[in-house]
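See below for the structure under consideration.
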Amino acid sequence: MIYADNAATTKMSEAAVNIMTEVIRDNWGNPSSLYMHGQRAKEVLEKAREDIAELIGASPREIFFTSGGSESDNQAIVSAALLGREKGKKHIISTAFEHHAVLHTLEKLKKDGFEVTLLPVHENGIIIPSEVESAIRDDTCLVTVMHANNEIGTVQPVREIGEICRRKNVIFHTDAVQAVAHIPVNVVSDNIDMMSASAHKFHGPKGVGFLYVKKGIRLSNLIEGGAQERGKRAGTENVPGIAAMARALKDECAVMEKNAAYLIKIRDRLIKGLSEIEHSALNGDPVRRLPGNVNFCFEGIEGEALLLLLDSKGIAASSGSACTSGSLDPSHVLLAIGRVHDVAHGSLRLSIGTDITEEDADYIINSVKEVTAYLRGFSPVWRDLMTGKAEHII
Ligand SMILES: *Cc1c(COP(=O)(O)O)cnc(C)c1O
């Protein structure tokens, strides 16, 4: 089986599995306990915090452990909104193609009286910084723009957006779940105030992540209880998961440049091969995208059928995000970059890892060519396009 769905989740690294089992077995104390078991667990916890902080340019006190990307997004956005409300600021700026952890949190805040501006993401899937600047008002309390998109992989001009927010004195949060450990991320040089990350997107375990919060920004609790995480996130810490997350991040950052160079080579081979399919189109900017992301639309194709047939050929891929598959609505990301419903339905996302060889890539290309030809053979939509009853869009 060729696994090309790393944007949904990644396989844990051997090193992360090892440290996780080791901590589960040998270091199972509660970090809040004063005796030896607790203190040893606390050491593991604080070492992980130091390592993670260093890898993203933060200080350890700015790292808060959470249950993953969704919780980090929720907590960051709600906290910034509450800070804003104290000052009478109830306007938030975001984008149309954020992850649902961001979009649904914003929907909830709208019901609480906040006003949300969603910036257009344009055909290439990239936010224009000057449009962020024009959207900022006197009552804007937060700008939240994702670092790299989970479906089309486009990388946003985070540094420029952060610079604008700094100048305008507005909190800048970024959902960097797809970026951390894949492309260089530094909270200082990128002018980031709050940042979400998730371990299972970089070969760490599921159900653990972190939120970076710049010193001086007050975080509000989503979960009330004990005084863990300096009183900002109650609940006994997931010490094994956190230790494994730190290990995975350290290892991935150490080989990031080398991996990216390899992935870009395979990615571009896939893009070139899949472009040969007639009436297909790459989604998102061809260059300003994650090293491992390929996303195409094929006219006259039903994405779900494509996935099932690829699965039968031993290829694990995705059509839109894991959360949207299973629903009949086309991806909000593809609609945001201007794809019409019919075209958006025929999408394929390949998010590759370094285990994929050039031969695997060629096998994927040939399989997609075969399967699209087969499916178009009995597609009424395709027949209409071929007989001129309907017009090609791509
Ligand atoms: C996966 C993902 C999330 C959610 O992270 P979880 O740890 O699964 O909650 C949020 N944002 C983006 C961009 C993601 O890719």
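The values are calculated or read from the model by the stated rules, or taken from the named source; none is laboratory data. Source: prediction; values computed, not measured. All Cβ positions, glycine included, derive from the backbone under ideal geometry; neighbour counts span all protein chains shown.
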Candidate set from segment 54-74 (those that are in contact (Cβ under 8 Å) with a residue 60 or more places away in the chain, assigned to a helix (DSSP H, G or I) and more than 12 Å from the ligand (Cβ to nearest atom)); member that is nearest to residue 138 (Cα to Cα): 62
(1) more than 16 Å from the ligand (Cβ to nearest atom); (2) surrounded by fewer than 24 Cβ atoms within 10 Å (Cβ to Cβ); (3) more than 23 Å from residue 110 (Cβ to Cβ) all hold for residue 213 apart from (2)
With respect to residue 260, is the statement that it is of a type in the set (A, V, I, L, M), touching a helix residue (DSSP H, G or I) at 6+ places or on another chain (Cβ under 6 Å) and touching a residue at least 60 places away in the same chain (Cβ under 8 Å) true? no
Which count do you get for residues in segment 41-93 that are over 22 Å from residue 111 (Cβ atoms), over 24 Å from the mean Cα position of the chain (by Cα) and surrounded by 16 or more Cβ atoms within 10 Å (Cβ to Cβ)? 4
Search result, residues across segment 91-114 that are out of contact with any Ser or Thr (no Cβ under 9 Å at 6 or more places or on another chain) and assigned to a loop (DSSP other than H, G, I, E, B): 96, 112, 113, 114
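Residues checked against (1) without any contact (Cβ under 8 Å) to a residue 60 or more places away in the chain; (2) assigned to a loop (DSSP other than H, G, I, E, B); (3) surrounded by fewer than 22 Cβ atoms within 10 Å (Cβ to Cβ):
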site	(1), (2), (3)
165	yes, no, no
177	no, yes, no
180	no, yes, no
189	no, yes, yes
192	yes, yes, no
197	no, no, no
200	no, no, no
220	no, yes, yes
Odd one out for residue 299, checked against (1) within 28 Å of residue 126 (Cα to Cα); (2) at pLDDT 95 or above; (3) under 26 Å from the mean Cα position of the chain (by Cα); (4) buried (at least 19 other Cβ atoms within 10 Å of the Cβ): (3)
Looking for whichever is surrounded by 14 or more Cβ atoms within 10 Å (Cβ to Cβ), of a type in the set (Gly, Ala, Ser) and assigned to a loop (DSSP other than H, G, I, E, B) here; the options are 29, 38. Which one fits? 29
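Answer with yes or no whether residue 151 is among the acidic types (Asp, Glu), in a helix (DSSP H, G or I) and within 16 Å of the ligand (Cβ to nearest atom).
Values: among the acidic types (Asp, Glu): yes; in a helix (DSSP H, G or I): no; within 16 Å of the ligand (Cβ to nearest atom): yes.
So residue 151 fails the test.
Can you pull out the residues in segment 174-191 that are among the hydrophobic types (A, V, I, L, M, F, W, C) and within 15 Å of the ligand (Cβ to nearest atom)?
176, 177, 179, 180, 181, 183, 185
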